[in-house]
Each structure stands twice: as C-alpha cells, then as structure tokens.
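Engineer: Before anything else, here's the structure in question.
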Amino acid sequence: MLQSVSDARSNANDQIAHAASVLRRSAKLRKMFEVICRGGAGPKSVTKLMELTGYNRIEVSQLAGRLADQQLVHKAKIGTNTQYSKDRFYAANRQKILRYASDPEALKKLPTKVSPRANVSGPIKVAIQGIKIRVKQIMCDDVDQFRKVKKVKTAPKIRISESSFKKGIQRIIGQPGTFKDWGGESNDLYTTKVMIDGRRIPTAFAFKGPGKSGPLTPAKLGKNGDQIQRLFAAPADLFVVQYHDQVAQSVVEQMEAFAKVTAMHGAKAIAFMIIDGDDSNRLMAAYPKQFGIS
C-alpha cells in the first residue's frame, strides 16, 4: 500500500503546491474538494455529495475518486456504500490551497523543496535537497524498433486481445519467451531488448486489454488500483502502460510521480511512456504481421 508522505512540519508548502497543482485544472474538482473538506470530521456519502454539489453520481464518483487517488481526501467502503472524508492537513489549509489553485502565477512563486513545474519539451528536472531528478515522458515514436510508426499518422481502430498485443510487442522488439499474467505480477512484460537512440534500456510494460472499457484511470489498473505502483517496482529505466482506448490524465500524473520517486532513489534518469488507443492502432497498422492481423 502506498503510504502518505505528508509532513506538515517539514514540507507544508510542497503538500500545498501538490494539492493546488491537482485542483487548478478543474473548477468542478475544486468544488468537490471544498465540499468534502467543509463541516465536521464525519465522512460524506456519494449521495450526500450529489446533494451538496449538484453533480450526478458518475461525476461525484470520478471527481471524489480522483481526489482520493491524489491523497487529498480519504476514501472508505462501508458495506456497499463509498464514503469520502477530509484530510486534516489539507482541510486546515483549504483556503490557501484553493487560492493558489486559482492563481497559477502565485503558485509558481511558492517556495518548495520540489518544484511543481514541468518542462514538457524535455526531461523534468527537480532538485530535492541537492539531488537532481531526471524524468522524461517519451512517446512510442521514440523507440528504435517502432520506427515504422512514424509514417502512420492515423489508423483505423483495431481490437485484439491483451495477450495478442503483448506478443506483437515481443515480436517487434525481439523478446522471446512466455510471460503469463497472474494477479500479483509487478508487470506484464519485462525486457532489456527495447532500444532508444541505439541504446538498450531495461523496460517494464503493463498492458490493459479490451476487458476494460471507457477511459483508463488508476482505479482500473489492478484489482486494488495499485498496478502503477507495482510496475515501478521492476528493475527498469523505462515504464510503459498500454491501453486500447483513451488514457486519463490522472494515469499520466501518477506515472510521473512514481517516476520521480524512482529516479530520486536510484539516482538515475527514468522515462515513462503511455501507449493509448490511437498509438496502439498506429503500431498495429505499422506492424500488422507481428500482431497477427495481416
């Protein structure tokens, strides 16, 4: 289980900056955060949150669930009912967090140990107590063995099984062997065959097949929503999540967060990659024989 790292005495600004960064992209998310943090310490049910926000059940579940994924509120299952309760630190700093979430320029000036800003055109470098964290999000087009995909801008939607897609990737990168899925695996495929700029890079893949539907969120990754955490337990320098449809921003954010932690602990550069439905279709169009669809 991922443990909370909040410490109001030593890194309050970092926690506030993290919360503001999560909330700044969505007015609805800010409203949900404020409603959960208001009032007494008791938890609020989904029905109660619907009443307080005016949002429908799906919106409440998605918004409150995202807050829980980011550890800004607490989520609990009581019988068949899901309830959400406030975190004491974030609730106490609610007004400050919401102010920074609504003022990006002020947020940039907030002094923290970890800078919340990211350089989307290159590696994300964050200094923590003298350590430079080197994290970079790369695309499937950057992999040497996937070079043919650069010629495919769009491709028709093709649906194949998770196992078939994994075998296709194995054939393309030249990774023999059988990798069977089981409930406790940290990854679906581990390989040292992936090459980027002519250099081999240890890589861990997580594949999510057509058994899942709708946008991929952290909650859909593993029985307990902890598959990304388990993926980053592999001895790899590149971590990949593949899905046949849209991948939610919360998955990207969670992968980036774990990449930073991994980079810091290993004192090395870490890369991560999302292969969404569009890129999956491009890969299958570029390599139909390897995926068994020619």
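Engineer: Within segment 230-243, can one find any residue that is under 30 Å from K153 (Cβ atoms), modelled with pLDDT of 90 or more and open to solvent by 50 Å² or more (accessible area, probe 1.4 Å)?
Structural biologist: no
Engineer: Can you tell me which of K193, K220, K208 is surrounded by fewer than 23 Cβ atoms within 10 Å (Cβ to Cβ), under 26 Å from F291 (Cβ atoms) and in contact with a helix residue (DSSP H, G or I) (Cβ under 6 Å, 6 or more places away or on another chain)?
Structural biologist: Working: K220 fails: in contact with a helix residue (DSSP H, G or I) (Cβ under 6 Å, 6 or more places away or on another chain); K208 fails: in contact with a helix residue (DSSP H, G or I) (Cβ under 6 Å, 6 or more places away or on another chain).
When all the criteria are applied, what remains is K193.
Engineer: Also, quick follow-up: Please find, among R57, R94, R99, the residue that is farther than 30 Å from A233 by Cα, surrounded by fewer than 21 Cβ atoms within 10 Å (Cβ to Cβ) and in contact with a Cys (Cβ under 7 Å, 6 or more places away or on another chain).
Structural biologist: Values: R57 fails: in contact with a Cys (Cβ under 7 Å, 6 or more places away or on another chain); R99 fails: in contact with a Cys (Cβ under 7 Å, 6 or more places away or on another chain).
Just one listed residue meets the conditions, R94.
Engineer: How many residues are open to solvent by less than 50 Å² (accessible area, probe 1.4 Å) and touching a residue at least 60 places away in the same chain (Cβ under 8 Å) when one looks only at segment 277-294?
Structural biologist: So in segment 277-294, the residues open to solvent by less than 50 Å² (accessible area, probe 1.4 Å) come out as 277, 279-288, 291.
Adding the requirement that they be touching a residue at least 60 places away in the same chain (Cβ under 8 Å) leaves 277, 279-287, 291.
Result for segment 277-294: 11.
Engineer: OK, next. Here's a check for you: in segment 6-30, which residue that is modelled with pLDDT of 90 or more and not aliphatic (A, V, I, L, M) is most open to solvent (accessible area, probe 1.4 Å)?
Structural biologist: K28
Engineer: Could you please tell me which pairs satisfy a Cβ distance under 7 Å, a separation of 6+ or placement on different chains, a first residue in segment 31-48 that is basic (K, R) and at pLDDT 90 or above, and a second residue that is surrounded by fewer than 17 Cβ atoms within 10 Å (Cβ to Cβ) and not in a loop (DSSP other than H, G, I, E, B)?
Structural biologist: Once the first residue is basic (K, R) and at pLDDT 90 or above and sits in segment 31-48, no partner that is surrounded by fewer than 17 Cβ atoms within 10 Å (Cβ to Cβ) and not in a loop (DSSP other than H, G, I, E, B) comes close enough.
The values are calculated or read from the model by the stated rules, or taken from the named source; none is laboratory data. Bear in mind that the values here come from a model prediction, so they are computed numbers and not experimental data. Backbone-built Cβ (ideal geometry, glycine too); neighbour counts: all protein chains shown. Ligands, DNA and RNA are excluded from the accessible area calculation, which covers all protein heavy atoms including side chains. Shrake-Rupley method; radii C 1.70, N 1.55, O 1.52, S 1.80 Å.
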